[in-house]
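Below: one structure, written as structure tokens.
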Amino acid sequence: QVQLVESGGGLVQAGGSLRLSCAASGRTFSTFAMGWFRQAPGKECEFVAAINWSESNTYYTDSVKGRFTISRDNAKNMVYLQMNSLKPEDTAVYYCAAHRLRSALVAGSPAYWGQGTQVTVSS
């Protein structure tokens, strides 16, 4: 079992930055691929970014490439999403997610979800 708790959301102006954090419980955290999803009002939940267990591979949806960076610290059981050059269309609830396979995260099928943190980008 893996429990995930996000933090770091908030209100920011367009062009600004935020860093989301996800604290994971469970002694097997380092064996899981981790990812971030988001859901905007009235829209479906979409994949944002993923990182494999060894931190050697990352994957991003096209709309955030070059602006967002996913990272993890296995010693601290933490996952991060650094978001730069934020746009109003990045406004959404952001969810931390986990699965043993990075491919499953990219496909939109996590095994575990956090409760979400709101990110609002004003124009």
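The values are calculated or read from the model by the stated rules, or taken from the named source; none is laboratory data. What you see is a predicted model, and the numbers here were worked out from it, not measured in a lab. Note that each Cβ is placed from the backbone with ideal geometry, even for glycine, and that neighbours are counted across all protein chains shown. Surface areas here come from the heavy atoms of the whole protein model, side chains and all, with no ligands, DNA or RNA. Shrake-Rupley method; radii C 1.70, N 1.55, O 1.52, S 1.80 Å.
Give K65, K43, K87 a once-over and let me know the one that is of a type in the set (K, R) and in contact with a Lys or Arg (Cβ under 9 Å, 6 or more places away or on another chain).
On the way: K65 fails: in contact with a Lys or Arg (Cβ under 9 Å, 6 or more places away or on another chain); K43 fails: in contact with a Lys or Arg (Cβ under 9 Å, 6 or more places away or on another chain).
So the residue among K65, K43, K87 that is of a type in the set (K, R) and in contact with a Lys or Arg (Cβ under 9 Å, 6 or more places away or on another chain) is K87.
Residues of the stretch 24-76 being of a type in the set (G, A, S) and more than 18 Å from P88 (Cβ to Cβ), which ones? Before you say what the answer is, go through the steps one by one.
Here is the first cut: in the stretch 24-76, the ones of a type in the set (G, A, S) are 24-26, 30, 33, 35, 40, 42, 49-50, 54, 56, 63, 66, 71, 75.
Once the filter is applied, which keeps residues that are of a type in the set (G, A, S) and more than 18 Å from P88 (Cβ to Cβ), the stretch 24-76 yields A24, S25, G26, S30, A33, G35, A49, A50, S54, S56, S71, A75.
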- Quickly run through the stretch 68-91 and pick out the residues that are in contact (Cβ under 8 Å) with a residue 24 or more places away in the chain, of a type in the set (S, T, Y) and more than 15 Å from A33 (Cβ to Cβ). S85, T91
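Per-residue answers, yes or no, for (1) under 15 Å from Y80 (Cβ atoms); (2) out of contact with any strand residue (DSSP E or B) (no Cβ under 6 Å at 6 or more places or on another chain); (3) among the basic types (K, R):
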{"site": "Q1", "(1), (2), (3)": "no, yes, no"}
{"site": "V5", "(1), (2), (3)": "yes, no, no"}
{"site": "Q13", "(1), (2), (3)": "no, no, no"}
{"site": "L20", "(1), (2), (3)": "yes, no, no"}
{"site": "A24", "(1), (2), (3)": "yes, no, no"}
{"site": "R27", "(1), (2), (3)": "no, yes, yes"}
{"site": "T31", "(1), (2), (3)": "no, yes, no"}
{"site": "G35", "(1), (2), (3)": "yes, no, no"}
{"site": "A40", "(1), (2), (3)": "no, no, no"}
- Task: List every residue pair whose Cβ atoms lie under 7 Å apart, where the two residues are 6 or more positions apart in sequence or sit on different chains, the first residue falls within the stretch 34-60 and is closer than 15 Å to Y112 by Cα and open to solvent by less than 70 Å² (accessible area, probe 1.4 Å), and the second residue, located anywhere, is in a loop (DSSP other than H, G, I, E, B) and among the small types (G, A, S).
- Result: F47/G108
- Query: When the stretch 69-89 is examined, which residues are found to be under 17 Å from C22 (Cβ atoms) and outside any strand (DSSP E or B)?
  - Reply: N74, A75, K76, N77
- Of all residues in the stretch 98-123 being part of a strand (DSSP E or B) and touching a helix residue (DSSP H, G or I) at 6+ places or on another chain (Cβ under 6 Å), which is modelled with the highest pLDDT? V121
- On the given criteria, is S21 touching a Ser or Thr at 6+ places or on another chain (Cβ under 6 Å), modelled with pLDDT of 95 or more and open to solvent by less than 50 Å² (accessible area, probe 1.4 Å)? yes
